[in-house]
Structure formats: C-alpha cells, structure tokens
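Structure record follows, encoded as structure tokens.
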Amino acid sequence: MIKLHARLSHRTDAEPFVARIVRNLQNTVDRNREILLTNQTETMVPGFRGYLMVSHTDDSSTSDSPIWPLPAELDHLAEGDVVRISPRSGEIWVMYRRASTFNSMLVTERCNSYCVMCSQPPKVANDDFLRAAYLEAIPLMSPETRELGITGGEPALLGNGLVELLNACKTHLPQTAIHILTNGRLFRDIEFCRALSSIEHPDLMLGIPLYSDISYRHDHVVQADGAFDETIRGLLNLARFQVPIEIRVVLHRDTVDRLPQLARFITRNLPFASHVALMGLEMMGFARANLPALWIDPADYQPQLRAAVEHFDRHGMSVSIYNHQLCVLDHDLWPFARKSISDWKNEYLPECDRCAVRADCGGFFASSSLRRSDHIQAIEAAASI
Amino acid sequence: MIEVMLTLSTTIYRLAAIKKAAYRLGNRCAALIELTTDGNVALKLISKRIGDSTQSLEADFLTELLDQELRETIAEETAPIRNLLLAQAFSGLAANE
Amino acid sequence: MSSLPIIKGQRFHNLDYFRRRSGENYRLLPMRFIALDDTRYVVTNFAGELIVLLRETMQQLVRHELDTASPIYEELLARHFVLDDDSDVALGLLAIKYRTKQSLLANFTALFMFVVSLRCDHSCPYCQVSRQSADRHAYDMKPEVVARAIDFMFRSPSPTIKVEFQGGESLLNFGLIEQIVAEVNARNVVENREIQFVIATNLAPLTDEILTFCREHHIFLSTSLDGPKSLHNANRPRPGGDSHELVEHGIQRAREVLGHDQISALMTTTAESLSQPRAIVDEYVRLGFTSIFLRPLSPYGFAVKTGAVGRYTVDQWLDFYRETLGYIIELNTQGVPIREEYTALLLRKMLTPYPTGYVDLQSPAGIGIAGIVFNYDGDIYASDEARMLAETGDRRFRLGNLINDSYEDVILSDTLLDTLSQTMTEGVPMCVDCGFQPYCGSDPVYHHATQNDAVGFKPLSDFCRRNMEVMRQIIRLLEDDPQSAEILNTWL
C-alpha cells in the first residue's frame, strides 16, 4: 500500500500551504508554490516554499526553516506531485500523484448517508480546509492528468463549493475528465443541478449508487429514510440537464438478491445512465464492523451477477464489474471485469504469481486480508479472456 | 338456439360490467338486457355458435363478468391518480423537457 | 442482520425499521389486464410494463388483501403497479415513462411512400395493389407530382425521414427514383434531416447500374421472399416462372455491391405457406438473412379479388406463427442468428422504455401520423392499405391530392383527424381496458375494409384476435419457457 500521509521530523510555526514537488530545477514555474525535492543541502537554491531532503543526514536545520527530511514512507514522491504541509502539526499530505491514474480529491468527510458498508465512515467536524486546499492544488496539477475523482463523504454537501471546484478544474485542467462520487440526494434541488450543469464542463460524470429497486431496501443500505426518493429525484434532475451519470452498486448480502430486478429497474426507469458499475466490497470502515451481516462469497452470487450483467448488455447499457478477481467470476463475465482498484491500495497474493491471467486481473484491496472468497486460485494457462 | 337466462343483482354486479361482458362475448352470443321490477338485471344470452351448450355459455359469461367487475373496481379506485398521471406526463412540469 | 454494532454513538437500523411505512395501506396505480390463460392474467401499466399474476393474486390485490410481505408485492411496487407510504417517486417515474412511450408522436410523419409505378411483371394473387402490365406508362408518377410530394414531405417536423419507393414494381421506373433521390438530397442540404431511402422491389429488373446508384446513395433494398423455390414461385408468378431465381441472384448481387445487411426480405403467408413453416425459415437462413417478418394476408386489393384472402382462418395463421416462431427459437439455441421481426417489435414494446414507429401498431393510429403515401397520380393516402382500398373503389381514406390540396388541408382534414381520434384504443370499447393496449394499435383502414366501421367490433376482428394471440404466445414463452425467454431477450 502506498502511503499518502506522514509525519515531518519537526514543527514550525507557519500556516499550512499547498505546493508542487519539483526535482529538476529546469522545471520550476513559480517557486513560491513549489517544494524542491533535493538531496544536497550545500547547493540549496533559495526561493522555494519548502524543501524536502532525500537521504538527509545533517540535523542542523533550524526549527524555523521550511526544510524537512523526506519521510521514509513517502519515498515514492516525484516531480509534479502536489502536497500540503501543515508545519504546526508537522504533517505532510500527498494530495496528488502525477504518475497515478487514480487521483482523487477527498473534499469532505461529512456525509448525509450512513451506508452499512461505508469504507470512509463519515465525520461531523467542519473540514472546509479540504475544499480550500484543493482549490489551491488544482492549478498545480498537471494538465495532462487524464482523470480526476471528486469524492468524500458526500461532495455535494459543499454546495457552491463543489461548483467552485469544478470550475477550477475546467479552467486549469480542461483536458481532464472529472468523476464525482455522490449519493445524488442533494441534486433533488433543481437549482443545484442547474448550477453544476451551467459550468458546461467538457468531460464530467457523476457516479451515483442505487442499491435496490425497492425504496426501503435502498434506504436500509444507506441507513437514511427517504434516501431512495431523493436519489431518484436527483438522478432525474441531472438527466434533465444531460449531466452524464454512472450508476454504482456495491455487492453484498443486502444487495445481491434483487440485483437482476435492480437491473430491470435501471434499464426501464433510468435508461439515460451511461454506465453501470457493479462493485466488490472494500473491507474498510463500516464494512469491517458489519462484515458478518454483509459478507457473501462472490462465487455464491454469480447467478444474480450474471443475470444482471446480461440484462444490461442486452439493453445496450454499458456495464463493468469492479473489484472482483477473475478466478471468482464466471468465465462469461470476464469481458466485463475491469482493473479498478486504486494503485495505492492494490495488492496481489503469492498465489497470483502462478496465475496465467494475473496481468488482466484487478487483484485485491489491501484491506481484503480480512475476508476473501474461498475460491481464490491461480488460473491454468488454458483459460483466456 | 341455445339461450341462457340470468338474473343478476345490481347490488353485486355493476350494470356497466354486465354490458361490457356482453359486448366482449359479442362474437359468441347476442344479449338482451332488461331491468326487472325489483331493480335486478334480467339477461338473455342467445348463442350464435352452432353446437354451443348452455353450461359453457353461462360459465364463460360469468367468468367474463367477474373480470369486468374487477376492471370497474380498478377504474374507480385509480381514476384520480390516472388523471394526475396524464396531467404530469403531458404538462410542462414533466422532467424530460 | 446479526446484532447491530454501535459506532461512535450511531446505531445501524435493520430492514424492518426502514420498512415500517410500507405495505400497510397500499394503493393501486392505473392498470389494465386480460386473461393469459385459464389461471393467469397479463397486467400492464401505462408505461407498458407487464407482470403476470395468478387470478387469485389479482383478486387479492384489488381487494387490498395482498400479503405485503410476499415477493410478488415487491415486484408490483418496483414495476409501478402499486404505491405505498414509503416512497412517492412512482408517479413521477410513471409520467416520464408514459411520455417517453408517446414521444415519437411529436416527430409526426416519418415515413413517406412514393408509388412511382403501377407496372409490374409479376402477378401475385395476393397482391395488395392493382397492377398494370409492364407496358402501360400512364401509371407512372409525373414530375409535377414529384415536386409537390417532396415539398409536402419536408413540411413534416420529423428529424428522421424514411423515403420508400413502392409500386407495382418500383424499379420499372428507376429513372424517376433517381430524380426523386437527387431532389430530396438537394433539398436536404438546407433541411438537414436524417434521410433513409428504401426501394421495395421483386429484384427482377435489377441491373448493375441500379446497384451502383444504390451504393452511392446508401439506399436499402426490401424484397419479397416467400420461401423455397416451389412455394415462392407458386405464390409469385411471372412470365418465365423464375421469380425465385431472380430474387436469389438479386440478393447475392445486392450484397456484393451494397453490403450484407443492406437488403432485407419479408414474406406473405398464403394457404400454401401454412404447411411449410420450417422450409420457409430454412430458406431465409440459407440465403443469409438474420431477420424474417411473418406477415398474414391483408384483406385488400387483388388479394380480395382473387380470393387469396379468406383461404385460411386467423387460427390457422396463428398455428403457423407459433410453430414457425418455435422453430426460429430452436435455431437460435443452435447458434443460428435469425429473429422474427414482428415478435422483436412487440418485445421492444414490452421490455424496453422506448417507443416504436411501426405504423400498424400505433394508437392513435399510424395512418397519416406515422406514414403517408403519395400515389402515382398525386393522390395522398393515409397508408398503403388505404391506397389498396382505393384501388378497389373505396376512397374513404384518401386524404387529398398533391396538386389541389395544401399540407394543412390534408393533415388537418376531418377524414384524418376524426378517424384518428374516434379509433384510438385508449377510448374504444374493449381496447380501453385490454391488458395488451400498450402494445397494440388501432387499424381503422383494416376495420373499415372488413367491417365497414373504422372502430371495429373487436370481438369479430381478426386483427384483434391475431395480435392478442401473438402477444399471449410471446408472454407465455417469456414466463414459462426459460430457454426461449433467454433467446427472445437477445432480440431487443
């Protein structure tokens, strides 16, 4: 697992700041918003907002200077990455990694739902500093970034703040596709939809979960009365403004039984959805606490999964299976499986070294060690995608 | 000519249901509908089908009559929401402009 | 759920908690039903969603005695047949879905048939048109008629327009086809519609020159293939008795020049066809078609004169349909990709939220709205059947003439509008509460031709009986035969 947070060796009394990592002096653009990653103190170039020292041995830095040893767990840091340093608390946070294909902006940890399998359990504290930090970070990101996620908690809780962030993306990263993960409930407010759509972002998609065709079953999964109705209204409003939508379903004991019926409901009532993502459980947060109730071996829900996938396919709706290993999926479902786990939390087992299709398989969540299918096994070379 | 005579209570069967059932079986029989002095419906069904039987005609008519009764019940209960549905579907407030 | 954890003071509630407002007082949403068989009903809603219920279940449902803990209750909730206190998006969703199903109406007329000639070298006894023999040019469409027709056509607001050339044998006036295509394309530079050209032809007059033209202008060909050689030639006589050979050769040439899928075929069922369902399908497969349209005889034109119509009953045709469909499905399970078009159309109506434009299954009727015919003499007809009726002397559905009448005269005529409104299945006896109403259509021309009443007394209507039984067969297969259902679901 790739670490994105670390402690700095010392604290200084200064405001938090966001900066881009520069390694090669030829690539500096605005030193006031850059941190030089260097391993030589004697030729330290002045003017940078901060300095991170690789393989630092000299402890002579004063406690006031913005020079820190690079924490060992952040040895992956590279030019073009964007970090936030909080000098007073002595923390460094890697907000963006240029080399990653899975960059995501966590804009709040607050949420208006309380999903039984939430991998990022909500917090109530005001965390507006996140929005502010990302507003600073976006102009520092590489315009060649293919895709950027906006996630949380519930990003729509930012209200106009979300509109601001999306505008910043359009301005500074016009070629970057933006994928917002939201429960869609706040989009029941048509004016909010209008505000979002009027940005006219060139490549936007909202990923919105729907867990059942039955209102109380969906409400149960997200632990909120009326959530189904709000989400449906949100979906319809967004469709009215032609905002591209992906529908997501996390597969566990409370959602697999009616999966084929949900597929039917979606193609019948929400045919404007561009894509459907059927996702394996990530065993973090509440999912871990509720595991006894939620866990079902993926091998045991292949019939429902297959029926749902076939239904979408026949109705011309694009569908993908995420977070499932190829060895637990019906062979006919392999064409729909994607390598979807963010690189920083992606792992394989020793068993996988012997597998003929490892290169095409998405592997595991780092957290999956808690509970895995009984059917994990290397595939013999005869099988193919 | 096969004929079936039925007396139907108007407290149990709606007149509209009786007429509709008779209409639906119009390829099979002709129907004469009259009200009796005590407010019931006297129904005569005259079969158009060669070799028909009174039992078969009566049974088929009663089955159809029950279906029509069911339809009347549904229509009554759903009339207001049907009007709402049509209004919403075709008014400017519908979400899919 | 096993005992609920409490995390940071927040308890997780179980399903029953969220279910607490559901079920108690469910209300019915608008629905129609009809018997599927002795024990079950087909029940449909305004959006065309369907569910099959046991009679007892239906009765319990309507008496508000249905067990709301049962799986069937959840199906009824999800498919919008009932409503309860837990959710109130059902009506909004239903309204959108109903609107979507009606949405093609706003596009208005999308199909224009140009009868470019009545000449024909075939003399099929079931022919719906009275044809003239090949040397009588008086029955070709005149240039001034063409110009007016194209003007009229572009008055329609439809963003997509299909121009279909009909006859007689339309290729016998190929020069006129070339002209019309050129003029339509020229006009379309400004109009910017999506135009599709189709030529209906028996392929006998096909030449390389014609094929080259079709390739250049992306023209589709639609031909008649009634079955294997002996059946086809018996149904479709021409001097030389070689209709089938010409069709087979024409199909091959057309595919070589235009592409495999640029030519389609349909068949007409005669009394002779009834005994050969498998042979007919095998012939379609042999000639590389992946689609077949099983069509009964229409009671118009020469089909009436020659007595071709009336030589078999609707029930005999239904037996033929059921057997043929069964054989087609069997071929599908063996990996042969062929589907029946009428069935596929009904499946789309039943299983998808989208509307279909097929003229004969619309309410309000497809006449004038979905399609219009320009006859060789400039007369405008509400449909091809209306024209056929006129050729036998009944001009009830003639809407006007291109030379004398304006677009408004025609489209706003009483002939058209009264017929449309008076025959809508949403408002006529039997249709109004029929379970199949969302999938069916009104066919005023058919009912006028057969019963002298555009509305039609449906208990005596073969149109009604045929459609009902076809739909029952499809729904029975979907419901009771998983292997067939799987195949049918791939025809969407």
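A few remarks follow.
- From the list A:225, A:213, A:189, A:203, the lone residue that is open to solvent by 30 Å² or more (accessible area, probe 1.4 Å) and facing chain C (nearest Cβ under 9 Å) is A:225.
- Only residues that are more than 9 Å from chain C (Cβ to nearest Cβ) and more than 10 Å from the chain's Cα centre (by Cα) were counted across region B:63-90, and they come to 3.
Okay, residues lined up against (1) among the hydroxyl-bearing types (Ser, Thr, Tyr); (2) in contact (Cβ under 8 Å) with a residue 40 or more places away in the chain; (3) open to solvent by 30 Å² or more (accessible area, probe 1.4 Å):
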site	(1), (2), (3)
C:245	no, no, yes
C:251	no, yes, no
C:265	no, yes, no
C:284	yes, yes, no
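- Scan region A:197-233 for residues that are in a helix (DSSP H, G or I), free of Cβ contacts under 8 Å to residues at least 60 places away in the same chain and either under 21 Å from the mean Cα position of the chain (by Cα) or not assigned by TED's automatic domain parsing to the domain that holds residue A:117 (or both) and the total you get is 1.
- Only listed residue being touching a Lys or Arg at 6+ places or on another chain (Cβ under 8 Å), away from chain A (no Cβ under 11 Å), over 30 Å from residue A:293 (Cα atoms) and of a type in the set (Lys, Arg), chosen from C:99, C:55: C:55
- Filter result for residue C:56 (of a type in the set (Asp, Glu), farther than 24 Å from residue C:247 by Cβ, modelled with pLDDT of 95 or more and open to solvent by 20 Å² or more (accessible area, probe 1.4 Å)): yes
- Inside region C:43-64, residues that are among the hydroxyl-bearing types (Ser, Thr, Tyr) and in a helix (DSSP H, G or I) make up a count of 1.
- Test for residue C:250: is it in contact with a Ser or Thr (Cβ under 8 Å, 6 or more places away or on another chain), modelled with pLDDT of 95 or more, in the same structural domain as residue C:274 (by TED's automatic domain parsing) and in a helix (DSSP H, G or I): yes
One line per residue, one yes/no per condition, for (1) touching a helix residue (DSSP H, G or I) at 6+ places or on another chain (Cβ under 6 Å); (2) of a type in the set (A, V, I, L, M):
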residue: C:323; (1), (2): yes, no
residue: C:331; (1), (2): no, yes
residue: C:363; (1), (2): no, no
residue: C:366; (1), (2): yes, no
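- Of all the residues in region A:331-364, those that are open to solvent by 20 Å² or more (accessible area, probe 1.4 Å), under 15 Å from residue A:119 (Cβ atoms) and outside any loop (DSSP other than H, G, I, E, B) number 3.
- Condition check for residue C:480: without any contact (Cβ under 8 Å) to a residue 24 or more places away in the chain, farther than 30 Å from residue C:155 by Cα and open to solvent by 60 Å² or more (accessible area, probe 1.4 Å): yes
- Matching residues in region C:377-401 - criterion: being surrounded by fewer than 24 Cβ atoms within 10 Å (Cβ to Cβ) and either touching a residue at least 40 places away in the same chain (Cβ under 8 Å) or not assigned by TED's automatic domain parsing to the domain that holds residue C:358 (or both): C:377, C:378, C:391, C:392, C:394, C:396
- Lone unmet requirement of (1) open to solvent by less than 60 Å² (accessible area, probe 1.4 Å); (2) more than 11 Å from chain A (Cβ to nearest Cβ) for residue C:24: (1)
- Qualifying residue in region B:55-72 (condition: surrounded by 13 or more Cβ atoms within 10 Å (Cβ to Cβ) and not in a helix (DSSP H, G or I)): no
- Residue within region B:74-81 that is assigned to a helix (DSSP H, G or I), under 19 Å from residue C:35 (Cβ atoms), in contact with a Lys or Arg (Cβ under 6 Å, 6 or more places away or on another chain) and at pLDDT 95 or above present: no
- Within region A:275-324, the set of residues being acidic (Asp, Glu), surrounded by 18 or more Cβ atoms within 10 Å (Cβ to Cβ) and closer than 22 Å to residue A:116 by Cα comprises just one member, A:282.
- The number of residues in region B:12-27 being in a loop (DSSP other than H, G, I, E, B) and either in contact with a helix residue (DSSP H, G or I) (Cβ under 7 Å, 6 or more places away or on another chain) or modelled with pLDDT of 95 or more (or both) comes to 5.
- Taken as a whole, region B:36-47 holds no residue that is assigned to a helix (DSSP H, G or I), touching a residue at least 40 places away in the same chain (Cβ under 8 Å) and either under 30 Å from residue C:95 (Cβ atoms) or of a type in the set (D, E, K, R) (or both).
- Residue match in region C:60-74 (condition: more than 9 Å from chain A (Cβ to nearest Cβ) and in contact (Cβ under 8 Å) with a residue 60 or more places away in the chain): no
- Taken together, the criteria place residue C:453 among residues that are within 14 Å of another protein chain (Cβ to nearest Cβ), open to solvent by 20 Å² or more (accessible area, probe 1.4 Å), among the acidic types (Asp, Glu) and free of Cβ contacts under 8 Å to residues at least 12 places away in the same chain.
- Condition check for residue A:276: of a type outside the set (Phe, Trp, Tyr) and closer than 18 Å to residue A:318 by Cα: yes
The values are calculated or read from the model by the stated rules, or taken from the named source; none is laboratory data. Keep in mind the model is a prediction, meaning the values are calculated, not measured. Here Cβ is always computed from backbone atoms with ideal geometry, including for glycine, and neighbour counts include all displayed protein chains. Ligands, DNA and RNA are stripped out before the accessible areas are found, and what is left, the full protein with its side chains, is counted by its heavy atoms. Shrake-Rupley method; radii C 1.70, N 1.55, O 1.52, S 1.80 Å.
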